[in-house]
Each structure stands twice: as structure tokens, then as C-alpha cells.
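The values are calculated or read from the model by the stated rules, or taken from the named source; none is laboratory data. Owing to the predicted nature of the structure, the values given are computational and were not obtained by experimental measurement. Please note: Cβ atoms are built from the backbone with ideal geometry, for glycine as well, and neighbour counts cover all protein chains shown.
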């Protein structure tokens with residue numbers, strides 16, 4: 001059974017880092033998307049945060065959306081969650097950056113490109 005902890009946060013002065021922390025490629029499933037949305041929205045009431053950085057734990061930023069949740073019966077809900085996350089990021093009004101190492105595919109790529117800045121490692 002996998003751990004329910006899918007994200008971590010770290011703070012360095014005015015920079016808040018949200019780290020995708022799902023072993024085996026930081027797959028963006030419903031649980032991780034919900035955790036990301038909760039963490040992003042919590043920043044709306046924290047004016048001391050001046051930059052939000054997304055980063056993947058381990059070798060890769062993200063392999064993208066969950067294949068299991070990308071099936072016809074659940075894809076609508078998955079897309080709504082992704083769109084909701086992007087609206088949430090926009091609504092808090094904090095500049096964003098993605099730090100990308102390794103693979104950055106599908107929904108992970110969409111998350112990275114939604115950010116104002118993307119910093120990529122040569123890997």
C-alpha cells in the first residue's frame with residue numbers, strides 16, 4: 001500500500017516550495033491533485049510568500065497523470081481537478097516557478113508550463 005503523503009512543503013524566507021513526493025515518477029493522481037490544490041489555496045492568506053516553486057522529489061519532475069484515472073469513466077473528473085489546480089494557482093496571485101529535473105511528461109509538463117518560470121536541469 002502506498003503512502004498517503006503525496007506532497008511536501010519547504011519554506012525558505014519568502015519562497016514556498018511544493019514538492020511532488022510520489023515515488024515512481026511523481027504521478028499526478030486524484031490524491032496528489034487534491035493535496036496540491038489544498039497547499040496552493042492555503043497560500044492565499046500568506047502575504048509573506050512571494051514565490052511558489054514546484055519541484056519533483058527524486059530523479060524526475062513528473063511522469064504525468066495517472067493512467068488508471070485517464071480512462072473514459074474517470075477522465076472528466078481528472079481534467080476538472082487539473083483545471084481547478086491551474087485556476088487555483090492563478091487565483092492566489094503569487095509568481096510561480098517549476099524546477100524540472102529528469103522526465104517531465106503529460107500533466108507534469110502542463111503543471112510546469114503553467115508556471116511563470118521554468119528552470120530545467122540538463123537531465
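Testing residue 85 on (1) under 15 Å from residue 6 (Cβ atoms); (2) touching a helix residue (DSSP H, G or I) at 6+ places or on another chain (Cβ under 7 Å); (3) assigned to a loop (DSSP other than H, G, I, E, B), one condition comes back false. Which one is that?
For residue 85, the failing item is (3).
Output the residue which, of all residues in the stretch 90-103 that are outside any loop (DSSP other than H, G, I, E, B) and touching a strand residue (DSSP E or B) at 6+ places or on another chain (Cβ under 6 Å), is farthest from residue 24 (Cα to Cα). Even if it seems obvious, please write down each step before you answer.
Of the residues in the stretch 90-103, the ones outside any loop (DSSP other than H, G, I, E, B) are 90-92, 96-100.
Cutting the leftovers down to touching a strand residue (DSSP E or B) at 6+ places or on another chain (Cβ under 6 Å) gives us 96-100.
On the way: 96: 25, 97: 23, 98: 19, 99: 18, 100: 16 Å.
Among those that are outside any loop (DSSP other than H, G, I, E, B) and touching a strand residue (DSSP E or B) at 6+ places or on another chain (Cβ under 6 Å), it is 96.
Looking at (1) at pLDDT below 95; (2) in contact with a strand residue (DSSP E or B) (Cβ under 9 Å, 6 or more places away or on another chain); (3) assigned to a helix (DSSP H, G or I), which is the only condition residue 40 fails?
(1)
State whether the residues of the stretch 16-36 include one that is exposed (fewer than 15 other Cβ atoms within 10 Å of the Cβ) and either closer than 20 Å to residue 120 by Cβ or in contact with a strand residue (DSSP E or B) (Cβ under 9 Å, 6 or more places away or on another chain) (or both). First the steps, then the outcome.
Going through the stretch 16-36, the residues exposed (fewer than 15 other Cβ atoms within 10 Å of the Cβ) turn out to be 23-24.
Those still in the list that are either closer than 20 Å to residue 120 by Cβ or in contact with a strand residue (DSSP E or B) (Cβ under 9 Å, 6 or more places away or on another chain) (or both) too: none.
Looking for residues that are exposed (fewer than 15 other Cβ atoms within 10 Å of the Cβ) and either closer than 20 Å to residue 120 by Cβ or in contact with a strand residue (DSSP E or B) (Cβ under 9 Å, 6 or more places away or on another chain) (or both), one finds none in the stretch 16-36, hence no.
Restricting attention to the stretch 46-59, does a residue exist that is out of contact with any strand residue (DSSP E or B) (no Cβ under 8 Å at 6 or more places or on another chain), buried (at least 17 other Cβ atoms within 10 Å of the Cβ) and outside any strand (DSSP E or B)?
The first filter runs over the stretch 46-59 and keeps only residues out of contact with any strand residue (DSSP E or B) (no Cβ under 8 Å at 6 or more places or on another chain), leaving 47-48, 58-59.
The next check asks that each one be buried (at least 17 other Cβ atoms within 10 Å of the Cβ); those that pass are none.
No.
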